[in-house]
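Each value in this text was obtained by applying a stated rule to the coordinates, not by laboratory testing. Quick caveat, the model's predicted, so the values are computed rather than measured. For neighbour counting, all protein chains shown are included, and Cβ atoms are generated from backbone atoms with ideal geometry for every residue, glycine included.
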Amino acid sequence: MKMRLNFRKGNFREKMKKPMSKTNLVSKTNLVIIALIAICLIFLTSGCQISGINFFNPYTGSEGLDIKFVQNSPPENVYSQSTFGVGVILENRGALDIKKGILVIGVEDFGEKTIAGNDKITFDLYGKKESRTYRGERSVEFFELKALKLESKNEQETTVNVKTCYDYETVAQVPVCLDSTINPVESERKACTMRESIGLSYQGAPVAVSLIEINRIFKSKEKMQFAFTLHVRNVGDGYVVNPDSTEKFCSSDAKLNESDFGRVRVSATLAFKELDCTPRKSVDISQGDDFLTCYTEEMPVSNNAYNTVLNVKLDYGYVNLQSKTLKILKLS
Amino acid sequence: MARQQGFVPEDPTLEQKEQLHREMERDLRVRGIKNAFNRGRENLGNWFNSVREKFRRSSEGRKALRDIRAPLIMGEDLPFIKKLFFVILGGLGSYILYYFTGLSVMWCIVIFMAFTILILSRRTTSRNILNIIVILIVLVGLIYLLIMFFPLLQVYRQQSSQSGFWQKTGTKVSDFFTNTNAAISNYVETQVECASGNCPRGEAEGENVGMTISQPQLLIPDKEYKENEDVTVFSDVEGMNLRVYDEITVTPDCTIEAKKGRTVEVNKSIAVQPSEIPFIDISNKKRTIRCVLKTIQTNTYLNKINITLTFPFSTTSDLKMYVMDESRRNLMMKMWSDDFLYTHYHQELDPIAKFNDGPVNLGISVNQIPIAVGKSETPAEVSFAMFNQWGYYGGEISKINDIKIEVPNGVEIFTTTETKDFCPFEKSGENTYVLKKDYEFHYPIKTVRSFICGLKVKNIPDQSFDLWMPHIRITADYDYIMRGQLELFLKQPETAVASGAEIDSGGEQLQALAADCSNADTSTLPDETFVNAYESGDLKDRIQTGLNNAITSEYKPDWLTEAQMRDMLLGIMIEESGVGTNMAKNAEGIPWHIAGCTSEDKAGIPLYVEYSVEGDILCAAERIKSYVRESSYCKDYVNAEPEEKLNCALKTYNGHESYAVSVESDMIQWHNYFCSKQTGTVVQ
């Protein structure tokens, strides 16, 4: 009996002395620490950090309207004189809305009317800014086509072409540091340091402000102004047209002029004050890129530097083309 | 060894398929080498062409080329010598000027090289200058050789390979000049026709198709034929992927021709077998054409045998055109240069006409891309050309039945003063133009014929898409002929065997075969199987047809009577049937192949062709006859007794004396059989 009691006591004490009790304690602590770390990680990766948060920004990417054919519509092969559908998916991948865009469809034909109904439609699609997602509005348009007649040949290739014309805007909001000091001293401490050249990424549109050069122009000891040279580029896979002539490019009979190509209207504000971009007010990027200089009002020379935001707005028309080749087979 | 022919259009046997496969593989290897060779030549030629094309496309070039082309085309119906003369006088100077205008860069290089050598030598002595002149002459000579004579050599080589020129030995000098004449003629014709750069080529769509005809062969190649004697020739025809044109039928024909003084006499074939061959029967299969012709008496003892295949064909080609408002096109070109169609419309800049593959490559091109619709004073031109693309295989266009041009709505073609000779078309419907009825081509067309017409777009259809892409479609219906040719030298009369009269039989065996049945032993007859085959069953008609042909035609030797000939062939039939144990047999167990005439592949492996009993009998008969002559194996027996002649021929036929003895025994059995039946000597 005694023996048994001792055994039990001894056993209990031994158990209490064993690292087992410590392990339990440590594991509880560990659990707490692990839980805390996990919560922190979740917190950090979820973007809810107070500083450096990645907010959704619609003004990213180089695309505007994206055109695709619906899968198997048109099909790869169609029979001679059969009717088939052509589906076109339109998706606004740009930041801003497309209003009254035009889509025309063209097809190689051989003397017969191959498109049933209208070969031209208009469309509206809101952009990423409106949808607050990484994708703007999407729509699908269908056309009915008739394959041409094959007589002696067994097959023939043909191409379906789709063209879209729409007006679009690019908005670039660029934080800039402006220093109106005549002879800045490096050791002197200021609110910010002015950069004379700022390279920009795309702004959620097929036309982008790629570079901003900032120059100080001193008129006298007391008066100066800033000059902003804005470099504009076509970064999309279509071509830029004058926003006043966009419709003409989706029409076969409208007369075009040289000035209908590549024109981009440019306007800019600095802290809600409009910059003077005269005399041109527009750039011609029909050959790829161009630049324009806008000026601030004259302002007094001071020893200060300050942060502000330069807003640049580009207005233009944009034309995209998409095509698909299919085979017409003779029904024997 | 003579080739055996198949007369019945049945599916090929496994052996034939394997043979076909081997031939195709070999053909592919040869083509591979040929292609590599051609690629090398093309690379060199491409550089010349690129420079020349720039000149052609310039407005000055186009004008100059039109001026050059007109007098050349006018002379196209002249004989070759006159044409050459005409070309030299009428336009060769300007033609060469044109041809070599594009080579100015090369001349610069030559002169530069010469002066470099001169400067490097640092001594401008008269001797150096002389050296430079020599170098220049050599370089110029080499360049001319490369440009002018190399293509000629190519054409000549191709033509000669078709006619088997290279395979022959001891070819006459006249053959060389004849072939060279044809090669030069074709070359000049192509250059003349395409001088102004209006020979666009198209791209074949779908499966490639093709047809070849082999060089004709004599049924008995080692026989010497006499004047006015029947001669049998055969040729193989094979097609590739012709199944798609199952409605087309080929008409084979044969002629034999010979020069008689200033005229050429032509004998048509006595018999052609088969008379028609559907395309589907030769689609990836081989068929044999057999012709019987009569030789022509001529001083040169040279007869030319032609086996021809004629068939109608229709080639359709279509080309995508681009049409735009003139002011818009001009503006687009100004804004984005000439390639705006590619950069801004994602369209191919130089569309190629697509045609259904066949004997003719039908290419189309339009000189304005895109065509402008407006007040432009320079109308567009559409040019198209019919290239004979099976010329290498001995084909040519024998007749153009019609050419139809279909244009889109609002488009019309017209002739201008510049194009009137080259645009022989008249309106036939709303959007269709056809060849003028009175327009005459100069047949045959061996190389190319080209056409140029003005093209006017009156209006663009009401469409919103600013680039109109209509198609122009051209269909040519024509007759095409493919030719295989063989030259046959006849035996000269003074060397011919004098006796054509029947020699009385003297030997025991032949006496036994004679019509006299006095010594017939009716108890010794041929095996029942063969008697049954002769009297009834599947082989009856075939055996009797073969025997009839052999006995009543040129195959029967003069020294055998009809009855002897019949018995001999039936004897051979029994012997050969016993040899061919591994061959296909009929219901009675008799091999279809009975007489031992086999074709062989290039490796010398015999090919047993089924269902050719008639051919086998003829073949055996011809051999027996041909072996006994002055220049052949039994030449020592020419004046011997018929029995000895036959013994020699039979021994030579199979190579063993025992064979001759066996055949002789079988012959006697057949003699007994006919005597027992009391039949006449003419086989029914």
- Note on the structure: For residue B:368, the residues 5 or more places away or on another chain with a placed amide H closer than 5 Å to its own amide H are B:381
- Task: Find how many whole Å separate the alpha carbon centroid of the range B:431-464 from the alpha carbon centroid of the range B:378-416.
- Result: 6 Å
- Query: So what J values fall out for the range A:69-81 if you push phi through Karplus, 6.51 cos²θ - 1.76 cosθ + 1.60 with θ = phi - 60°, rounded to Hz, Gly and Pro as x?
  - Reply: 8, 5, 4, 6, 9, x, x, 5, 10, 9, 8, 3, 6
- What is the distance in Å between the Cα centres of the range A:67-84 and the range B:248-272? 54 Å
- Query: In nm, to one decimal, how far is the residue B:116 label point from the residue B:437 one, both placed 7 Å along Cα→Cβ?
  - Reply: 6.6 nm
- Message: Which of A:313, B:268 has the fewest other C-beta atoms within 10 Å, and how do the rest follow up to the most?
- Response: B:268, A:313
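Take peptide A:245-256, look around each residue's Cβ out to 10 angstrom, count Cβ atoms belonging to other protein chains, and average those counts.
The mean count of partner-chain Cβ atoms within 10 Å per residue comes to 4.
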- Message: Per-residue Cβ counts within 10 Å, from other chains only, averaged over B:457-464: what number is that?
- Response: 5
- Rounded to the nearest Å, the spacing of the alpha-carbon centers of the range B:326-360 and the range A:282-298 is 33 Å
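Hey, with R₀ at 30 Å, roughly what FRET efficiency would residue A:188 and residue A:215 work out to, going by the Cβ-Cβ distance, to 0.05? Please report the intermediate quantities before stating the final value.
Details: r = 21 Å, r/R0 = 0.69.
Efficiency, from the Cβ-Cβ distance: 0.90.
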- Query: If we count other beta carbons within 10 Å of each Cβ, what is the order of B:292, B:266, A:162, fewest first?
  - Reply: B:266, B:292, A:162
- Query: Tell me, what ³J(HN,Hα) does each residue in the range A:119-134 have, in order and in whole Hz, if you take phi through Karplus 6.51 cos²θ - 1.76 cosθ + 1.60 with θ = phi - 60° and put x for Gly and Pro?
  - Reply: 9, 9, 9, 10, 8, 10, 9, 7, x, 5, 5, 6, 7, 6, 10, 7
- Order of B:230, B:325, B:339, A:167 under a 10 Å beta carbon neighbour criterion, fewest first: B:339, B:230, A:167, B:325
- Item | Percentage relative contact order, the range B:281-399, counting C-alpha pairs under 8 Å, at least six apart | 24 percent
- Item | Long-range amide H partners of residue B:423 with built H, under 5 Å | B:452
- So how far apart, in nm, are the two label points at residue A:299 and residue A:197 if each is 7 Å from Cα heading toward Cβ? 2.4 nm
- Message: Once you compute Rg and the Kirkwood Rh from C-alpha atoms, what is the Rg to Rh ratio for the range A:169-317?
- Response: 1.07
- Query: Which FRET efficiency value, to the nearest 0.05, is calculated for residue B:247 and residue A:71 with the Förster distance at 45 angstrom and r the Cβ-Cβ distance?
  - Reply: 0.75
- Message: At R0 = 25 Å, how high is the FRET efficiency between residue A:89 and residue A:287 if r is their beta carbon distance? Nearest 0.05 is fine.
- Response: 0.20
- Message: If you take every residue apart from residue B:557 with its C-beta less than 9 Å away from the C-beta of residue B:557, what net charge results, scoring Lys and Arg +1 and Asp and Glu -1?
- Response: +2
- Which ³J(HN,Hα) values in Hz, rounded to whole numbers, follow from the phi angles of the range B:348-354 under the Karplus curve 6.51 cos²θ - 1.76 cosθ + 1.60, where θ = phi - 60° and Gly and Pro get x? 5, 6, 10, x, 10, 5, 10
